[in-house]
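Q: Here you go, one structure.
The values are calculated or read from the model by the stated rules, or taken from the named source; none is laboratory data. It should be emphasised that the depicted structure is a prediction, and the values quoted were computed from it without experimental measurement. Every residue, glycine among them, receives a Cβ derived from its backbone with ideal geometry; neighbour counts consider all protein chains shown.
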Amino acid sequence: MNKEIKRHIEETLAKGMRFDGRKADEYRPISVQVGVTKNAEGSARVKIGETDVIVGVKMAVEKPYPDTPEDGTFAVNVELLPLSNPEFETGPPGIQAIELARVVDRGVRESKAVDTKALCIEKAEKAWCIMVDICPINDAGNLFDASSLATILALQDTRFPAFDGIEIDYKTRTEKKIPLHLIPVAVTVYKIGKHLLVDPTIEEDQVSDARLTVCATEDGHICALQKGGNTPLTLSDIEAMIDYALGQIKVLRHNIGVKK
Amino acid sequence: MAYKKRVDGRDWHETRPITAKAGVIPRADGSAYFKIGDTEAYAAVYGPRNLYPRFMQDPATGILRCHYNMMPFSGSGERVRPGGSRRSKEISAVTEKALLPVLDLTEFPNAVVDVFIEFPQTDAGSRCAGICAAAIALADAGLSMKDMVSAIAVGKVDDKLVVDLNYAEESYDAEVADIPIAVIPSTGEITLLQLDGIIDKHDLKKAIENGIETCRKINEVQKNALKEKYRK
Amino acid sequence: MSELKVSEKEIVVPGEVLAEGMSYVPSYGTYRSQDKVYSHRLGLVNVDGKVIKIIPLSGKYLPKRNDVIIGKVVEIMLSGWRMETNCAYSAVLSMKEASADFIPRGADLTRYFDIGDYVMTKIVNVTSQKLVDVSMKGPGLRKLVGGRIISVNTNKVPRIIGKQGTMISMVKSATGCRIIVGQNGLIWISGEDPNKELIAVRSIKKIEEESHTSGLTEQILNYLKDLIPDAKFEEKGEENGL
């Protein structure tokens, strides 16, 4: 990390702009598509600037966990494909992939957006299991927000495959959707020196001191938080970042039209 | 029972519709998208770049490494657990052998050219689609290649010789021969040849000739994808 | 009967037939097989008499002696620094070559260049195994302080610099930014006004993207004039904006 570049980024932020001409609270152009891949039960593709992420949802029928016999399961996995970034290596998910998966998972799971009881087919015997796979195609920064958004859109796009009680017929899709109570949306706020911003480029991410991912529901309730980065934050930092994020979440919801 | 008409209505020697684009992954040194029917492949090239572990370095030339991988939701049926399988390792190896003959990496001793091939969606013919995408991506990356490489699966379904088998044909309820083939268009030389199924010598020769002819047509699509990138 | 199959500045791909017959001479980026000349790369056709060559549109940088490049320090070694050079091969700057001043043995090398520093250097030697030695002894060669670094396609560097530096000078004088173009595709830009810096970056990216089109100088001139109405343009320029 180059201290000079960081200093220059801060100087530029102090003058109200970023290296690519955006303001601190401005996202790069966002485009979303759903139903992008046929064999998944649900899918979505989100592009933020040149960052491009595909999320696919697959479903299966399994035995529920013994301690939650009336609940289906929900799992999120991230594969940081080496295709998308020269720094990514082949092999099992490293800590970056794991953290990203768990943060996205937290936003959906802890908000109880997915009604896992509705996934139960036969108590203690059979329940639906939802598996979300996040695959970046190009990483130009801000995988957190692109992945969270694509995940919720993919879940909305998902339709149950036909199930006769014994076997799943993946070739036949039903009209049945995943019951989603809420639509959580996440925004990650980054701190560089004393400046806050959203949607960092790779360079901005590399010089950032800390980040805070905030996930919130439609009525502004916070359903997940994750702090990252090496620099500690004060309480007022956190309050400021949360406020910043909540504002951004509202804008994002409005721009993308994310609703039930 | 004879195979009277193809399941999707195509001619015996007709491929499914093909779309190809170059330069679709900005972070990569070269990249491409190749879609044939419902099979979609992305290829990204990174290199020449540093090669670790050091024992793999070759002081005489750069090396090529291919990595074939399917996204967990890409196949029909159940989710496929991520991570390499024996199948994907084998396909990675034959893909490498299919592409290496056209490449000249002697200018890059001790370095590596990595090719990553990923599939959001598959419906048979994925290794061939991957090779087609990879060839475009390698050219896009500015590597020295005496020609590109084109690939297609040919074969026989019941009593008919066909080109570009889809999933329904691969799993057709009769005798099937599925023959992925990769070709250097300018010379007609074959750099990948595999066979699954059963076929006699005479039909095999005909099938391979179909393959070479089809690969030359596919090459035109690959060339256009590269030129299209610069047309504005 | 010799026949040219393509035209000047046409975009060709590997394996494409450029000429038939024996009278055409294959040069850079092309090869002969029997009676045909083929392209070895993706690029633009250049015909000079009977000599055909390809001007590549892409490809990573290959270190060459005497090239001035921008490197990023990634390792402090016993008697020098190792630098990343935006290609497959790192470069080594030895203590001897670092400065006109004498650097005593055992000195703290980070006082001169630290990890993450960008330096402008000149390649003095490249071995067959692509081990690269660089030097800071030369006019203008120095550590780059402040500003920002962007990365461009190394093949576009000649176009970005322009004939006798005219293209890059145009951008420098219009935006008032100091700009240093490394042959390896790294470019340093430093200006007082971040808006002008951004215009400089965008102009360079535009030149990179449109490098294969004609009338580019005019296009960039107009682009700069539109964004900076009171821009001043100077006549001459130097090789890499020293």
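Q: Only one of these conditions is not met by B:GLY47: (1) touching a residue at least 12 places away in the same chain (Cβ under 8 Å); (2) away from chain A (no Cβ under 11 Å). Which number is it?
A: The one condition B:GLY47 does not meet is (2).
Q: I would also like to ask the following. Please report, ordered by residue number, the strands (runs of 3 or more DSSP E) entirely within the stretch A:125-201 with at least 1 residues that are within 14 Å of chain B (Cβ to nearest Cβ).
A: Details: elements: A:126-138, A:159-163, A:168-177, A:185-192, A:195-198.
Of the strands (runs of 3 or more DSSP E) lying wholly inside the stretch A:125-201, those with at least 1 residues that are within 14 Å of chain B (Cβ to nearest Cβ) span A:126-138, A:159-163, A:168-177.
Q: Checking A:ALA40 against (1) outside any loop (DSSP other than H, G, I, E, B); (2) of a type in the set (A, V, I, L, M, F, W, C); (3) within 14 Å of another protein chain (Cβ to nearest Cβ); (4) farther than 27 Å from A:GLY229 by Cβ, which single condition isn't satisfied?
A: Exception for A:ALA40: condition (1).
Q: Tell me, please, whether a residue that is more than 30 Å from A:LYS194 (Cα to Cα) and either within 14 Å of chain B (Cβ to nearest Cβ) or surrounded by 19 or more Cβ atoms within 10 Å (Cβ to Cβ) (or both) can be found in the stretch A:25-33.
A: Yes, that holds for at least one residue.
Q: Continuing with this model, one more query. For residues in the stretch A:3-12 being at the interface with another protein chain (Cβ under 9 Å from one of its Cβ atoms) and in contact with a strand residue (DSSP E or B) (Cβ under 7 Å, 6 or more places away or on another chain), which is farthest from A:ASN230 (Cα to Cα)? Explain how you work it out, then say what you get.
A: Step one: list which residues in the stretch A:3-12 are at the interface with another protein chain (Cβ under 9 Å from one of its Cβ atoms), which gives A:3-5, A:7-9, A:11-12.
Retained after the next criterion (residues that are in contact with a strand residue (DSSP E or B) (Cβ under 7 Å, 6 or more places away or on another chain)): A:5, A:8-9.
Working: A:ILE5: 18, A:HIS8: 20, A:ILE9: 18 Å.
So, considering only residues that are at the interface with another protein chain (Cβ under 9 Å from one of its Cβ atoms) and in contact with a strand residue (DSSP E or B) (Cβ under 7 Å, 6 or more places away or on another chain), the one farthest from A:ASN230 (Cα to Cα) is A:HIS8.
Q: Looking only at the stretch A:68-88, count every residue that is assigned to a loop (DSSP other than H, G, I, E, B) and of a type outside the set (S, T, N, Q) and tell me the total.
A: Kept after step one, since they are assigned to a loop (DSSP other than H, G, I, E, B), are these residues of the stretch A:68-88: A:68-72, A:79-81, A:85-88.
Right, trim to of a type outside the set (S, T, N, Q) and you get A:69-72, A:79-81, A:86-88.
Counting residues in the stretch A:68-88 that are assigned to a loop (DSSP other than H, G, I, E, B) and of a type outside the set (S, T, N, Q) gives 10.
Q: Here's another thing I want to ask about it. Cβ contacts < 8 Å: first residue among the basic types (Lys, Arg), restricted to the stretch C:30-50; second residue part of a loop (DSSP other than H, G, I, E, B), any location; separation 6+ or different chain. Result?
A: Taking only residues 6 or more apart or on different chains, the pairs are C:ARG41/B:GLY142; C:ARG41/B:LEU143; C:ARG41/B:SER144; C:ARG41/C:PRO14; C:ARG41/C:GLY29; C:ARG41/C:GLY59; C:LYS50/C:SER23; C:LYS50/C:TYR24.
Q: Tell me whether the stretch C:202-224 contains one or more residues that are in contact with a Phe, Trp or Tyr (Cβ under 7 Å, 6 or more places away or on another chain), over 20 Å from C:LYS122 (Cβ atoms) and crowded, with 21+ Cβ neighbours inside 10 Å. I'd like the intermediate steps shown before the answer.
A: Of the stretch C:202-224, the ones in contact with a Phe, Trp or Tyr (Cβ under 7 Å, 6 or more places away or on another chain) are C:203, C:206, C:212.
So of that shortlist, the ones also over 20 Å from C:LYS122 (Cβ atoms) come out as C:203, C:206, C:212.
Filter once more, keeping what is crowded, with 21+ Cβ neighbours inside 10 Å: C:203.
Yes, that holds for at least one residue.
So that you can scan it fast, the table gives a plain yes or no per residue for (1) within 21 Å of B:CYS132 (Cβ to Cβ); (2) in contact (Cβ under 8 Å) with a residue 12 or more places away in the chain; (3) among the aliphatic types (A, V, I, L, M); (4) crowded, with 18+ Cβ neighbours inside 10 Å:
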| residue | (1), (2), (3), (4) |
| --- | --- |
| B:HIS13 | yes, yes, no, no |
| B:ALA32 | yes, yes, yes, yes |
| B:TYR42 | yes, yes, no, yes |
| B:LEU51 | no, yes, yes, yes |
| B:MET70 | yes, yes, yes, yes |
| B:LYS97 | yes, yes, no, no |
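Q: Looking at the structure I just gave you, is A:ALA60 surrounded by 14 or more Cβ atoms within 10 Å (Cβ to Cβ) and more than 8 Å from chain B (Cβ to nearest Cβ)? Spell out the reasoning first.
A: Details: surrounded by 14 or more Cβ atoms within 10 Å (Cβ to Cβ): yes; more than 8 Å from chain B (Cβ to nearest Cβ): no.
When the stated conditions are applied, A:ALA60 does not pass them.
Q: Let me ask something additional. Just the residues that are in a strand (DSSP E or B) and not β-branched (Val, Ile, Thr), please, taken from the stretch B:168-185. If you could, list the steps in order and put the result at the bottom.
A: Let us first name the residues in the stretch B:168-185 that are in a strand (DSSP E or B), namely B:176-184.
Scanning the stretch B:168-185 gives B:ALA177, B:ASP178, B:PRO180, B:ALA182.
Q: Does A:VAL55 satisfy being outside any helix (DSSP H, G or I), under 27 Å from A:ALA113 (Cβ atoms), within 10 Å of chain B (Cβ to nearest Cβ) and in contact with a Lys or Arg (Cβ under 7 Å, 6 or more places away or on another chain)? Spell out how you get there, then give the answer.
A: Working: outside any helix (DSSP H, G or I): yes; under 27 Å from A:ALA113 (Cβ atoms): yes; within 10 Å of chain B (Cβ to nearest Cβ): yes; in contact with a Lys or Arg (Cβ under 7 Å, 6 or more places away or on another chain): no.
When the stated conditions are applied, A:VAL55 does not pass them.
Q: List, please: which pairs have Cβ atoms under 6 Å, are six or more places apart or on different chains, and start with a residue in the stretch A:17-31 that is among the basic types (Lys, Arg) and end with one that is not in a loop (DSSP other than H, G, I, E, B)?
A: Correct list of pairs: A:ARG28/A:ILE48.
Q: Still on this model: May I ask you to say which residue of B:ASP164, B:ASP173, B:ASP147, B:ASP123 is of a type in the set (D, E, K, R), out of contact with any His (no Cβ under 6 Å at 6 or more places or on another chain) and surrounded by fewer than 21 Cβ atoms within 10 Å (Cβ to Cβ)? Outline the logic, then answer.
A: On the way: B:ASP164 fails: surrounded by fewer than 21 Cβ atoms within 10 Å (Cβ to Cβ); B:ASP147 fails: surrounded by fewer than 21 Cβ atoms within 10 Å (Cβ to Cβ); B:ASP123 fails: surrounded by fewer than 21 Cβ atoms within 10 Å (Cβ to Cβ).
Just a single option satisfies the conditions, and that option is B:ASP173.
Q: Here's another thing I want to ask about it. I'm trying to understand the selection: among the residues of the stretch C:177-234, which are at pLDDT 95 or above and part of a loop (DSSP other than H, G, I, E, B)?
A: C:CYS177, C:GLY182, C:GLN183, C:ASN184, C:GLY185
Q: Output the qualifying pairs, or none if there are none: Cβ atoms under 9 angstrom, residues six or more apart or on different chains, first residue in the stretch A:204-232 and closer than 20 Å to A:VAL108 by Cβ, second residue polar (S, T, N, Q) and part of a helix (DSSP H, G or I).
A: Final answer for the pair search is A:THR213/A:SER148; A:VAL214/A:GLN248; A:CYS215/A:SER148.
Q: Please enumerate the residues belonging to the stretch B:141-181 that are within 14 Å of chain C (Cβ to nearest Cβ) and more than 16 Å from the chain's Cα centre (by Cα). Before you say what the answer is, go through the steps one by one.
A: Applying the first criterion (within 14 Å of chain C (Cβ to nearest Cβ)) to the stretch B:141-181 yields B:141-150.
Within the stretch B:141-181, B:ALA141, B:GLY142, B:LEU143, B:SER144, B:MET145, B:LYS146 qualify.
Q: Taking the conditions exactly as written (touching a Cys at 6+ places or on another chain (Cβ under 6 Å), within 30 Å of B:SER144 (Cβ to Cβ) and either more than 7 Å from every other protein chain (Cβ to nearest Cβ) or outside any loop (DSSP other than H, G, I, E, B) (or both)), does B:GLU96 satisfy them or not?
A: Details: touching a Cys at 6+ places or on another chain (Cβ under 6 Å): yes; within 30 Å of B:SER144 (Cβ to Cβ): yes; either more than 7 Å from every other protein chain (Cβ to nearest Cβ) or outside any loop (DSSP other than H, G, I, E, B) (or both): yes.
Against the criterion (touching a Cys at 6+ places or on another chain (Cβ under 6 Å), within 30 Å of B:SER144 (Cβ to Cβ) and either more than 7 Å from every other protein chain (Cβ to nearest Cβ) or outside any loop (DSSP other than H, G, I, E, B) (or both)), B:GLU96 qualifies.
Q: Please work out which one of (1) part of a loop (DSSP other than H, G, I, E, B); (2) in contact with a helix residue (DSSP H, G or I) (Cβ under 6 Å, 6 or more places away or on another chain); (3) of a type in the set (Gly, Ala, Ser) is the condition A:GLY16 fails and give its number.
A: Here A:GLY16 clears every test but (2).
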